[in-house]
Ligand SMILES: Cc1cc2nc3c(=O)[nH]c(=O)nc-3n(C[C@H](O)[C@H](O)[C@H](O)COP(=O)(O)OP(=O)(O)OC[C@H]3O[C@@H](n4cnc5c(N)ncnc54)[C@H](O)[C@@H]3O)c2cc1C
């Protein structure tokens, strides 16, 4: 029986651990180590919208592959009647772009109900928002709320024999007894893997009571001042947001005012919405998601295979299932587990 340590119990760590236990449970014992659990991870702060967002230089091919697998996974749960238990809401999404070089992203082909917005429609939104839009599209997406699905998946993981331990891992040397390590530490990979290419992209959001909202709106622009999004969740709506390269986790009142001002232009009725929470999370951004294996020499001289799965920026939930599947395959490969051994 191989012993695998997964570090991290956010959206990325938990989906990866579950995939490993599901796929290789007959020949592997999977233990999650984490110093934070739901509701205290970065994943819990996210609105959980399925939409590849803030992904720097990742190839369109990888983004499509990882995100489309997650989309199909969420759609299946929704079709099987698991939506409420798993924290899923179907979301019609309107994406509006003020980018100079607008082109429709390739990932929309993974979704259902995709449609480019007509010139007339763009014109109406431009007048409403006071900003000229260069393009836009609609599609059907989902929100998959981590504050609901993390506890839900944790139960599933424990039920099929997974082990969860609350512990801070200061160094990989602490995990010598394991045959392989899966590193899903998000922003903390900066320290644990000495990887300074992982940087925080500060996201401030407002949660408000607005049960009449049924559509998600995402406005993208070169100017942060002009960007905004509105994402209904099951019990509140999320208004965002910021995208600043910063470690600051305190709420800025000027950011809140700007977010409310922009959302109000788009949806004047939000003046009625009661504000429930203002919160900041740090997205674990990296030029490219790190999803690869390396052989790491511990202080004792033992060589341990380490698979890294971190740096998902503003799309950790959107990419989670696709990346978890690739990470599990890499673990199988480094341990030379073939299907005949399963
Ligand atoms: C405001 C905001 C809105 C967002 N909206 C969306 C959205 O709508 N859709 C979307 O797809 N994404 C969204 N994101 C991005 C998403 O939240 C992240 O990409 C995702 O949370 C990353 O998940 P993760 O599991 O890698 O990291 P985390 O959730 O941060 O989890 C990291 C885990 O690693 C553990 N850990 C780290 N270091 C150690 C250590 N040394 N020892 C032990 N444990 C350790 C932590 O305890 C934790 O359990 C948003 C982010 C923000 C901030």
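The values are calculated or read from the model by the stated rules, or taken from the named source; none is laboratory data. Quantities reported herein were computed from a predicted structural model and do not represent experimental measurements. As a convention, Cβ positions derive from the backbone with ideal geometry for all residues, glycine included, and neighbour counts pool all protein chains shown.
Only residues that are within 12 Å of the ligand (Cβ to nearest atom) and in a helix (DSSP H, G or I) were counted in the range 143-192, giving 16.
Restricting the search to the range 219-237, which residues are under 27 Å from residue 101 (Cβ atoms), part of a loop (DSSP other than H, G, I, E, B) and in contact with a strand residue (DSSP E or B) (Cβ under 9 Å, 6 or more places away or on another chain)?
Residues of the range 219-237 under 27 Å from residue 101 (Cβ atoms): 219-231.
Those left that are additionally part of a loop (DSSP other than H, G, I, E, B): 221-223, 227.
The answer is 221, 227.
Restricting the first member to the range 50-68 and to residues that are farther than 13 Å from residue 322 by Cα, and the second to residues that are assigned to a loop (DSSP other than H, G, I, E, B) and within 11 Å of the ligand (Cβ to nearest atom), the beta-carbon pairs closer than 7 Å and six or more apart or on different chains are 54/243; 58/289.
The set of residues in the range 238-254 that are surrounded by 12 or more Cβ atoms within 10 Å (Cβ to Cβ) and either within 11 Å of the ligand (Cβ to nearest atom) or part of a strand (DSSP E or B) (or both) comprises 238, 239, 240, 241, 242, 243, 244, 249.
Looking at this structure, is residue 17 touching a residue at least 40 places away in the same chain (Cβ under 8 Å) and either outside any helix (DSSP H, G or I) or near the ligand (Cβ under 9 Å from one of its atoms) (or both)? Taking the combined requirement at face value, the residue does not satisfy it. Looking across 205, 231, 163, 219, one residue alone is within 30 Å of residue 19 (Cβ to Cβ) and touching a helix residue (DSSP H, G or I) at 6+ places or on another chain (Cβ under 8 Å). It is 205.
Every listed requirement among (1) modelled with pLDDT under 95; (2) in contact with a strand residue (DSSP E or B) (Cβ under 8 Å, 6 or more places away or on another chain) is met by residue 318 save one, (1). In the range 295-321, the residue that is farthest from the chain's Cα centre (by Cα) out of those that are assigned to a loop (DSSP other than H, G, I, E, B) and crowded, with 24+ Cβ neighbours inside 10 Å is 311.
Among the residues that make up the range 69-81, is at least one of them closer than 30 Å to residue 248 by Cβ, within 16 Å of the ligand (Cβ to nearest atom) and either surrounded by fewer than 21 Cβ atoms within 10 Å (Cβ to Cβ) or more than 17 Å from the chain's Cα centre (by Cα) (or both)? No; the residues of the range 69-81 include none that is closer than 30 Å to residue 248 by Cβ, within 16 Å of the ligand (Cβ to nearest atom) and either surrounded by fewer than 21 Cβ atoms within 10 Å (Cβ to Cβ) or more than 17 Å from the chain's Cα centre (by Cα) (or both).
For the range 283-294, filtered to residues that are part of a loop (DSSP other than H, G, I, E, B) and touching a helix residue (DSSP H, G or I) at 6+ places or on another chain (Cβ under 9 Å), the residue that is surrounded by the fewest Cβ atoms within 10 Å (Cβ to Cβ) is 288. Confirm whether residue 54 is within 20 Å of residue 200 (Cα to Cα), within 18 Å of the chain's Cα centre (by Cα) and either assigned to a helix (DSSP H, G or I) or within 11 Å of the ligand (Cβ to nearest atom) (or both). When the stated conditions are applied, residue 54 passes them.
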